[in-house]
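Here the structure comes first, spelled out in structure tokens, and everything after it is commentary.
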Amino acid sequence: MDEPSLSEETMKKTLYINKLKPPTEKIKMEVNLEDALDLAGAGKYQLFHCTLMLATLSAALIEMIGSAFILPAAACDLDLPDSLKGILISMPNIGVILTAPFWGRAADSLGRKPVLLCSAAASGVLGFAASVMPNLVTFALCKLAASLFLSCPSSLGWAYASEMLPQKRRDLALLIMNGFLTTSSTLSPLLAWGILPFDWTQIGIQVHPWRFLTAAYALPLLLVAVWLTQAKESPKFLMTKGKQQEALTVLGHIYARNHGAPVDAYPVTALKKSNGKSDHASEEGSSCELAPIRRSETACALLRPPHLKWLALTGFLMFGLFSLLNGLFLFAPDTINKVMQGSGEEEGTICIIMNQAVNETVSPDCVDSISQDTFIIMAVTTVVYGLAVMAVSLIPISKKTLLVGMYFCVGTNCLLSGLLKNRTVAGIMMSALQITALGIGPLTAYAVQLFPTTLRGTAVGAVLMFGRLGSVVGANAAGALLAAACAAAFYGFAALLFLCAALSLLLPGNRSAPSEVQSEAET
């Protein structure tokens, strides 16, 4: 049986004594990793590290959603038909699905820092290469190759950040990071607004603006790769590899940065070897796809009652959420642009205006410019909706109420987008589809709540994988429907969201977690 953890009072007394005594008289302390992190404190180093992880996650997000602005501007130059836009937009998620298991094992075997650094650098280099590709085939191949490295920077940052934080500060820090990550998507339309309308021929550059934009979206990945050289390896990973002394060195560095004291002042002299239960449980609750899974915890256990119904429900809700967020919504810039470039005398819904010959990529009058109205709508609404998502995430409202309300409101916006004849209002309604990001946190929390500890890591990974699958299906379905049956795209996605709102009513309330499920699985 493990020795009990040190009490908070004992820790404070020890820290006080060590401040009075020189390092040579430091009291010998042997504690477990969680207590060692508490003694290291939460301060300057955690602020630096969480900012770095937020930058990494944001760089991956910007690269993944950047195609929504690149493709409309590059359609004529690359001779890109509307029917293929869905495939290109879904490529980042295809790469994530194909490589997520590999990057998870790599991070658990080689370390968080080297794997994250190499994957971010490789994705950034390949993204840069795509900006100079001469045709559609080579451009698509480079984007696909870059997406194969995106799984790591798009998810590992959550685990890497949590493993550097004391347990009592972990949830709050990750919640704040999630809010800032949502608002960081604002950079995508702002970069496009700053680069695409600029006349580069004025400074003697005869290059299409979309190529500069492609490079600009890849640049943050290279910058964070350089910044990652200043990070320390996760002490939790070092402990799993039996490197207690290296873990102590990292913890001493964290203590020194946080307290402005020498490294030798850190009171811990040895770390207890964990029996694996507590650490594993904490990783399972981290809501990260890359959390390690023990051999006995196979996916087969999730396919048996009572877990199957909860997996099917949360998986479908996540599928519907991402099919819209990374599907139809990513076509919003292109769709709004085609509508705004129409003649002011033309009346009708989005689909009526889009069906005109001038809005066909293959027509002789192909237009690859993006109007100022499109930039204004996307930039302003992304800022407003991003801040709204962040604010609502911090309101103490039940997860069930939040999900039902979100699905219903976004479904209504989706339906109105295809029915309204006022272009500006229809564009604002369509850009509101990004509010679905509000449901990611509650659904992930449900995946943690509904499954027992021994299956939690597997369940969270499976639910998130349903979301990745929804991104691929949603992007391809939206691309095909907008090109062939525009009205069906809006009505179909609206019906899916209303169905998700109805199914969300089947979820338990905050105070009515399925305790019988927990007890059956853990007995």
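The values are calculated or read from the model by the stated rules, or taken from the named source; none is laboratory data. Quick caveat, the model's predicted, so the values are computed rather than measured. When we count neighbours, we look across all protein chains shown, and the Cβ atoms used for this are built from the backbone with ideal geometry, even at glycine.
Would you mind stating whether Ala312 is in a loop (DSSP other than H, G, I, E, B) and at pLDDT 75 or above?
It is false that Ala312 is in a loop (DSSP other than H, G, I, E, B) and at pLDDT 75 or above.
In the same structural domain as Gln46 (by TED's automatic domain parsing), within 14 Å of Leu57 (Cβ to Cβ) and out of contact with any strand residue (DSSP E or B) (no Cβ under 6 Å at 6 or more places or on another chain), is that true of Pro209?
It is false that Pro209 is in the same structural domain as Gln46 (by TED's automatic domain parsing), within 14 Å of Leu57 (Cβ to Cβ) and out of contact with any strand residue (DSSP E or B) (no Cβ under 6 Å at 6 or more places or on another chain).
Name every residue in the stretch 186-203 that is under 16 Å from Thr214 (Cβ atoms) and free of Cβ contacts under 8 Å to residues at least 24 places away in the same chain, in order of residue number.
Result: Gly194, Ile195, Phe198, Trp200.
Out of the residues in the stretch 200-234 that are over 26 Å from His253 (Cβ atoms) and of a type in the set (S, T, N, Q), which is modelled with the highest pLDDT?
Thr214
Out of the residues in the stretch 484-516 that are over 29 Å from the mean Cα position of the chain (by Cα) and outside any loop (DSSP other than H, G, I, E, B), state the one that is modelled with the highest pLDDT.
Ala487
Output the number of the condition that Ile352 fails; it satisfies all remaining conditions of (1) outside any helix (DSSP H, G or I); (2) at pLDDT below 80; (3) surrounded by fewer than 17 Cβ atoms within 10 Å (Cβ to Cβ).
It is condition (1) that Ile352 fails.
Of the residues Ala231, Ala247, Ala256, which is in contact with a Phe, Trp or Tyr (Cβ under 9 Å, 6 or more places away or on another chain), farther than 22 Å from Pro92 by Cβ and surrounded by fewer than 19 Cβ atoms within 10 Å (Cβ to Cβ)?
Answer to the selection: Ala256.
Find the residue count for the stretch 103-117, including only residues that are in contact (Cβ under 8 Å) with a residue 24 or more places away in the chain and in a helix (DSSP H, G or I).
Adding up the residues that qualify gives 10.
When the residues of the stretch 123-139 are narrowed to those that are surrounded by fewer than 21 Cβ atoms within 10 Å (Cβ to Cβ) and among the hydrophobic types (A, V, I, L, M, F, W, C), which ends up nearest to Leu223 (Cα to Cα)?
The qualifying residue nearest to Leu223 (Cα to Cα) is Val125.
Kindly check whether there is at least one residue in the stretch 171-187 that is on the phi < 0 side of the Ramachandran plot, in contact with a His (Cβ under 6 Å, 6 or more places away or on another chain) and modelled with pLDDT of 85 or more.
No - not one qualifying residue is present in the stretch 171-187.
Just one of Ala161, Ala55, Ala107, Ala120 is crowded, with 24+ Cβ neighbours inside 10 Å and under 14 Å from Val224 (Cα atoms); which is it?
Ala120
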